[in-house]
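Visitor: Here you go, one structure.
The values are calculated or read from the model by the stated rules, or taken from the named source; none is laboratory data. All values derive from a computational prediction rather than experimental measurement. Every residue, glycine among them, receives a Cβ derived from its backbone with ideal geometry; neighbour counts consider all protein chains shown.
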Amino acid sequence: MARDFCDVRILLFVAAAAFIYIQVRLFATQSEYAERLGAVVESENQCTSQMRLLIEQISTQQGKIVALEEARKIRDEECAQLKTLIRHLERKNLQSLTSQKEWPVAAVVIMACNRPDYLERTLESVLKYQRSVSAKFPVFVSQDGTNPDVKTKALSYSQITYMQHLESEPVRTERPGEIIAYYKIARHYKWALDELFTKHNFSRVIILEDDMEIAPDFFDYFEATSALLEKDKTIMAVSSWNDNGQVEFVHDPEILYRSDFFPGLGWMLTKSIWNELSPKWPKAYWDDWVRLKEVHKDRQFIHPEVCRTYNFGEHGSSMGQFYKQYLEPIKLNDVHVDWKSVDLSYLLEDKFLNHFAHILSKARPVDGPDAVLKAHNVDVDVQIQYNDQRDFERLARQFGIFEEWKDGIPRTAYKGVVVFRYRRTQRRIFFVGPDSLKQLGLKHS
């Protein structure tokens, strides 16, 4: 009995131990699962937190996008308002110009690029004499490129209207070694003249460059000659420049001539002439292009004996070509001429040929290798015959005038005749071409 009781106790002990072991294992398993569950919960909480952070960031970015969209809309509205304001100001500017009793005589455009000091000198000269006739001659500055100093200088003058030409595509020369500036200049001229004639609808434009000073009667001169442009369609342009206008070779500030050679350097043309030239405007060397016979088509140019512009631009695209010899000694008119009282009808085509032939017919013919000496020793006008371009260049060098020809025409020539004063006197020297007398209806002496 006692043994049986002992066995029962052993079984109970074993069962208790097994139970305890099972409980311990169960507790351990529960603890492990609890830890895992806690880790999962913590991970879920972290994910939730990160999700919330991401949602907040997305919301912030969406807010920024909305703000940018609003800013863009505001900017677009401001741009539209600015464009409207610019159009309004342009209309107002033109209305103020046309509100006078008559349309302006001509717009004056100063072509500029990258020389602010030159531009200032030109503007000071132009505005000095333009103030009293500002309604007749509104002044524009057209800048080629983005030089900030030039733009600042131009905008510092409230009396002018500023324009800016920006290249829409790269400029390329057609031949190796060419100076790219001549291509840029041609583009700029076309753009500026299109703006003034087409957009602003001016009937005439005077072109100056940013290295020119003008004479006191510059505007009166162009106002007086503007009527010639309208009346005589054989006149292609009026210039304020004489290529042989050096102090040595001029005398009378009232004398004007017709010429078959385009002078440039301060010149006026009409809208009808520009409408003809604009579609075929060259890529470069625009001034020499105008001098081609196929372009000017036997039309001529008015120029004064004494220049109304002075070119001080020793440094520029032409790199001072001819400056010391031909440009620096130019005489700029400094006397008052009452152009309103001067009868310019002698410059009309049907009168000038006879007028010029009459003056030439009074000149004494001199010839031979000592023609220069003979011209020096007589006290009257003289005419010297030349046979060809080489002969002309020889004579030009002896007297010191321009030797250059373009498309068979000497500078300043009319019917092949080049005229200039002899050593600041009233005496005229006429270089007469081989066919000049015939063209003028004169017989050889």
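Visitor: Restricting the first residue to the range 296-307 and requiring it to be outside the structural domain of residue 241 (by TED's automatic domain parsing), which pairs with a second residue that is hydrophobic (A, V, I, L, M, F, W, C) and in a helix (DSSP H, G or I) meet a Cβ separation below 8 Å and a spacing of at least six or different chains?
Guide: none
Visitor: Using the structure shown, decide if residue 276 is more than 23 Å from residue 107 (Cβ to Cβ), outside any strand (DSSP E or B) and without any contact (Cβ under 8 Å) to a residue 60 or more places away in the chain.
Guide: No; evaluated as a whole, the condition is false for this residue.
Visitor: Just give me the residues in the range 375-392 being under 13 Å from residue 410 (Cβ atoms) and of a type in the set (D, E, K, R), in sequence order.
Guide: 388, 390, 391
Visitor: Filter the range 323-374 down to residues that are over 32 Å from the mean Cα position of the chain (by Cα), under 26 Å from residue 415 (Cα atoms) and charged (D, E, K, R), then give me how many there are.
Guide: 9
Visitor: Quick one: count up the residues across the range 384-421 that are out of contact with any strand residue (DSSP E or B) (no Cβ under 8 Å at 6 or more places or on another chain) and hydrophobic (A, V, I, L, M, F, W, C).
Guide: 2
Visitor: Another question, if that's okay. Specify which of the listed residues (178, 124, 120) is within 28 Å of residue 276 (Cα to Cα) and either acidic (Asp, Glu) or outside the structural domain of residue 309 (by TED's automatic domain parsing) (or both).
Guide: 178
Visitor: Follow-up. Let me spell it out: the conditions are (1) part of a loop (DSSP other than H, G, I, E, B); (2) within 39 Å of the chain's Cα centre (by Cα); (3) not acidic (Asp, Glu), and residue 434 meets all of them except one. Which number is the exception?
Guide: So residue 434 meets the others, but not (2).
Visitor: Could you list, in sequence order, all residues of the range 93-114 that are surrounded by fewer than 18 Cβ atoms within 10 Å (Cβ to Cβ) and either of a type in the set (Asp, Glu) or at pLDDT 95 or above (or both)?
Guide: Selection gives 102, 114.
Visitor: How many of the residues in the range 136-160 are surrounded by fewer than 17 Cβ atoms within 10 Å (Cβ to Cβ) and either in contact with a Leu (Cβ under 8 Å, 6 or more places away or on another chain) or modelled with pLDDT under 95 (or both)?
Guide: Qualifying residue count for the region: 3.
Visitor: Just the residues that are under 16 Å from residue 112 (Cα atoms) and more than 17 Å from the chain's Cα centre (by Cα), please, taken from the range 194-213.
Guide: Selection gives 213 alone.
Visitor: Would you kindly identify the strands (runs of 3 or more DSSP E) lying entirely within the range 101-212 that contain at least 3 residues that are in contact (Cβ under 8 Å) with a residue 60 or more places away in the chain?
Guide: Output list reads 107-112, 204-209.
Visitor: Let me ask you something else. Among the residues of the range 328-366, write down those that are of a type outside the set (Lys, Arg), surrounded by 12 or more Cβ atoms within 10 Å (Cβ to Cβ) and in a loop (DSSP other than H, G, I, E, B).
Guide: 328, 329, 333, 337, 342, 344, 348, 363
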